[in-house]
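Asks: Mind having a look at this structure? Questions to follow.
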Amino acid sequence: WYWQKEKREPYVKFMEANYPPGFSYEDFGPLFTAEFFDPNQWADILKASGAKYVVLTSKHHEGFTLWGSKYSWNWNAVDVGPKRDLVAELATSVRNRTDLHFGLYHSLFEWFNRLFLEDVTNAFKTRKFPTSKSLPELYEIVAKYQPEIIWSDGDGNAPDTYWNSTGFLAWLYNDSPVRDTVVTNDRWGVGSICTHGGFYTCSDRYNPGHLLPHKWENCMTIDRSSWGYRRDARLRDYLAIEDLVKQLAETVSCGGNLLMNIGPTHDGRIPVVFEERLRQVGAWLKVNGEAIYGTKPWRAQNDTVTPGVWYTFSPKEGKVNAIFLNWPVSGTLELGEPRAKLGETQVKLAGYKELLKWVSLGEKGMVIALPQLTPQQLPCQWGWTLQLTDVN
């Protein structure tokens with residue numbers, strides 16, 4: 001897009017300097033080799049991250065499908081490049097080795113597809129592209145791989161009537177093999193985003209910082225400026241684990257899920273920096289998972305007195321979870337939101353055995369004495385959870 005459509009100078013110059021004259025985008029196909037792609041290893045990393053679902057990009061805006069699609073002749077991973085059905089391999093490994101729900105991302109439109117461009121010229125009065133390419137592919141991936149999430153994207157400035165999104169979704173939820181398990185997002189044509197859908201995404205890297213009345217998802221990237229793999233990325237371009245824990249706590253406290261994007265390489269590897277981040281999030285969730293999984297938003301999302309404190313509620317146990325991102329130097333943490341009840345309220349630090357002492361401030365909340373621990377004795381790094389029972 002930057003090279004061939006917008007013709008941005010750095011991209012054009014890079015291609016001229018490093019590729020033969022007349023090199024086209026299609027010539028990248030055979031260079032996508034995936035020789036190191038090990039779906040079992042991917043599944044193990046995904047499991048170690050503590051994630052509950054995974055969404056693979058089955059096709060992006062350039063139309064190359066990662067499965068041998070009947071509707072993408074000679075422009076798919078089985079005919080060109082890896083010569084493998086990457087979708088099938090990952091689906092099998094995820095299902096055999098983990099309890100993650102397997103989902104597929106699919107782009108409705110394609111930047112340079114001639115049929116799509118023809119429909120654009122006709123102001124979407126013709127529907128050649130969705131009827132011969134986009135919709136058949138959607139039916140194909142549902143029938144073939146039975147994904148539990150369909151993550152649609154890329155409306156190409158066309159309305160949902162052009163895509164026949166309602167027709168496809170009616171089939172998906174009523175007659176498809178995944179009708180009882182599938183969930184979908186909100187990107188099904190102009191005007192549907194943040195308005196229609198099983199869960200809302202609203203925009204990329206969406207993090208409202210306040211409670212939304214409808215289930216939503218913050219889809220963001222560990223690489224601050226790319227959804228793919230960048231060979232020229234610097235360490236500072238990647239979010240640190242502290243940033244990711246903060247994103248997770250903020251998102252879940254406001255009723256959202258976190259979809260954390262990583263960019264694998266052309267030869268099929270998850271780069272080590274991404275693997276490390278995923279495993280770090282998993283290590284944090286091993287200690288603090290009760291404050292994330294199966295929780296609901298509490299009456300307050302963050303604390304009014306101490307910044308960097310985010311609340312979730314565990315309905316089964318009736319627990320309020322206060323996730324705090326900075327360990328106070330004073331050794332005491334003041335919380336303005338929970339009202340403690342003398343003789344009833346109990347406070348625990350996730351991953352630490354003993355109950356914590358606290359003092360009620362009446363209407364103004366409570367002060368909690370944190371245990372005096374060396375960095376080695378802390379139950380985890382990067383953020384901690386207080387579990388409060390019997391508070392108002």
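Asks: Tell me the residue from Phe32, Phe23 that is farther than 30 Å from Tyr145 by Cα, in the same structural domain as Gly268 (by the TED database) and not acidic (Asp, Glu), please.
Replies: Numbers: Phe32 fails: farther than 30 Å from Tyr145 by Cα.
The match here is Phe23.
Asks: So, in the stretch 349-392, exactly how many residues are of a type in the set (Ser, Thr, Tyr), without any contact (Cβ under 8 Å) to a residue 24 or more places away in the chain and surrounded by 12 or more Cβ atoms within 10 Å (Cβ to Cβ)?
Replies: Quick first cut of the stretch 349-392, residues of a type in the set (Ser, Thr, Tyr) only: 352, 360, 374, 385, 389.
When the remaining residues are screened for being without any contact (Cβ under 8 Å) to a residue 24 or more places away in the chain, the result is 360, 374.
Then drop every residue that is not surrounded by 12 or more Cβ atoms within 10 Å (Cβ to Cβ), which leaves 360.
Residues flagged as of a type in the set (Ser, Thr, Tyr), without any contact (Cβ under 8 Å) to a residue 24 or more places away in the chain and surrounded by 12 or more Cβ atoms within 10 Å (Cβ to Cβ) within the stretch 349-392 amount to 1.
Asks: Let me ask you something else. From Ser49, Ser72, grab the single residue that is touching a strand residue (DSSP E or B) at 6+ places or on another chain (Cβ under 7 Å) and either more than 25 Å from Glu276 (Cβ to Cβ) or touching a residue at least 40 places away in the same chain (Cβ under 8 Å) (or both).
Replies: Details: Ser49 fails: touching a strand residue (DSSP E or B) at 6+ places or on another chain (Cβ under 7 Å).
Going through Ser49, Ser72 in turn, just one is touching a strand residue (DSSP E or B) at 6+ places or on another chain (Cβ under 7 Å) and either more than 25 Å from Glu276 (Cβ to Cβ) or touching a residue at least 40 places away in the same chain (Cβ under 8 Å) (or both): Ser72.
Asks: Of all residues in the stretch 344-364, count the ones that are assigned to a loop (DSSP other than H, G, I, E, B) and farther than 14 Å from Thr332 by Cβ. Reasoning before the result, please.
Replies: Looking only at the stretch 344-364, we keep the residues that are assigned to a loop (DSSP other than H, G, I, E, B), and these are 344-345, 350-354, 356-357, 361.
The next check asks that each one be farther than 14 Å from Thr332 by Cβ; those that pass are 344-345, 350-354.
Number satisfying all stated conditions: 7.
Asks: Which one is nearest to Thr65 (Cα to Cα) among residues in the stretch 129-179 that are in a helix (DSSP H, G or I) and of a type in the set (Val, Ile, Thr)? First the steps, then the outcome.
Replies: Here is the first cut: in the stretch 129-179, the ones in a helix (DSSP H, G or I) are 129-145, 160-163, 165-174.
Next, from what is left, pick out any that are of a type in the set (Val, Ile, Thr): 131, 141-142, 161, 166.
Numbers: Thr131: 17, Ile141: 10, Val142: 14, Thr161: 24, Thr166: 23 Å.
It comes out as Ile141.
Asks: Have a look at Gly167, Gly154, Gly103, Gly197 and point out the one that is of a type in the set (Gly, Ala, Ser) and over 22 Å from Asn261 (Cα atoms). Show your work before the answer.
Replies: On the way: Gly154 fails: over 22 Å from Asn261 (Cα atoms); Gly103 fails: over 22 Å from Asn261 (Cα atoms); Gly197 fails: over 22 Å from Asn261 (Cα atoms).
Being of a type in the set (Gly, Ala, Ser) and over 22 Å from Asn261 (Cα atoms) holds for just one of Gly167, Gly154, Gly103, Gly197, which is Gly167.
Asks: Pick from the stretch 241-283 the residues that are over 17 Å from Asn218 (Cβ atoms) and hydrophobic (A, V, I, L, M, F, W, C): which of them is most open to solvent (accessible area, probe 1.4 Å)? Reasoning before the result, please.
Replies: Residues of the stretch 241-283 over 17 Å from Asn218 (Cβ atoms): 263-276, 279-280, 282-283.
Next cut, hydrophobic (A, V, I, L, M, F, W, C) only: 270, 272-274, 283.
Values: Ile270: 19, Val272: 113, Val273: 34, Phe274: 4, Ala283: 51 Å².
This residue is Val272.
Asks: Looking at Asp99 and the list (1) outside any loop (DSSP other than H, G, I, E, B); (2) of a type outside the set (Ser, Thr, Tyr); (3) surrounded by fewer than 20 Cβ atoms within 10 Å (Cβ to Cβ); (4) touching a Lys or Arg at 6+ places or on another chain (Cβ under 9 Å), which single condition is not satisfied?
Replies: (1)
Asks: I'd like the full set of residues that are in contact (Cβ under 8 Å) with a residue 40 or more places away in the chain and either under 17 Å from Lys70 (Cβ atoms) or over 31 Å from the mean Cα position of the chain (by Cα) (or both), limited to the stretch 104-128. Explain how you work it out, then say what you get.
Replies: So in the stretch 104-128, the residues in contact (Cβ under 8 Å) with a residue 40 or more places away in the chain come out as 104-113, 116, 119.
Matches in the stretch 104-128: Leu104, His106, Glu110, Asn113, Asp119.
Asks: Would you be able to say whether some residue in the stretch 181-199 is open to solvent by less than 60 Å² (accessible area, probe 1.4 Å), assigned to a strand (DSSP E or B) and in contact with a Cys (Cβ under 9 Å, 6 or more places away or on another chain)? Write out each step before concluding.
Replies: In the first step, residues of the stretch 181-199 are kept if they are open to solvent by less than 60 Å² (accessible area, probe 1.4 Å); the result is 182, 184-189, 191-192, 194, 197-199.
Now drop any that are not assigned to a strand (DSSP E or B), which leaves 184.
Adding the requirement that they be in contact with a Cys (Cβ under 9 Å, 6 or more places away or on another chain) leaves none.
The answer is no; no qualifying residue exists.
Asks: Here is a list: Leu259, Leu211. Which entry is in contact (Cβ under 8 Å) with a residue 60 or more places away in the chain, outside any helix (DSSP H, G or I) and in contact with a strand residue (DSSP E or B) (Cβ under 7 Å, 6 or more places away or on another chain)?
Replies: Details: Leu211 fails: in contact with a strand residue (DSSP E or B) (Cβ under 7 Å, 6 or more places away or on another chain).
Going through Leu259, Leu211 in turn, the sole match is Leu259.
Asks: Of all residues in the stretch 126-169, which are among the β-branched types (Val, Ile, Thr) and crowded, with 17+ Cβ neighbours inside 10 Å?
Replies: If we filter the stretch 126-169 for residues that are among the β-branched types (Val, Ile, Thr), which is where we start, we get 126, 131, 141-142, 149-150, 161, 166.
Listed by number, the residues that qualify are Ile141, Val142, Ile149, Ile150.
Asks: Taking only pairs six or more apart or across chains, which ones have beta-carbon atoms under 8 Å, a first residue in the stretch 225-250 that is assigned to a loop (DSSP other than H, G, I, E, B), and a second residue that is basic (Lys, Arg) and surrounded by 14 or more Cβ atoms within 10 Å (Cβ to Cβ)?
Replies: Partner pairs satisfying both residue conditions: Leu239/Arg277.
The values are calculated or read from the model by the stated rules, or taken from the named source; none is laboratory data. These numbers come from a predicted model, not from an experiment. Here Cβ is always computed from backbone atoms with ideal geometry, including for glycine, and neighbour counts include all displayed protein chains. Heavy atoms of the whole protein, side chains included, go into the accessibility calculation; ligands, DNA and RNA do not. Shrake-Rupley method; radii C 1.70, N 1.55, O 1.52, S 1.80 Å.
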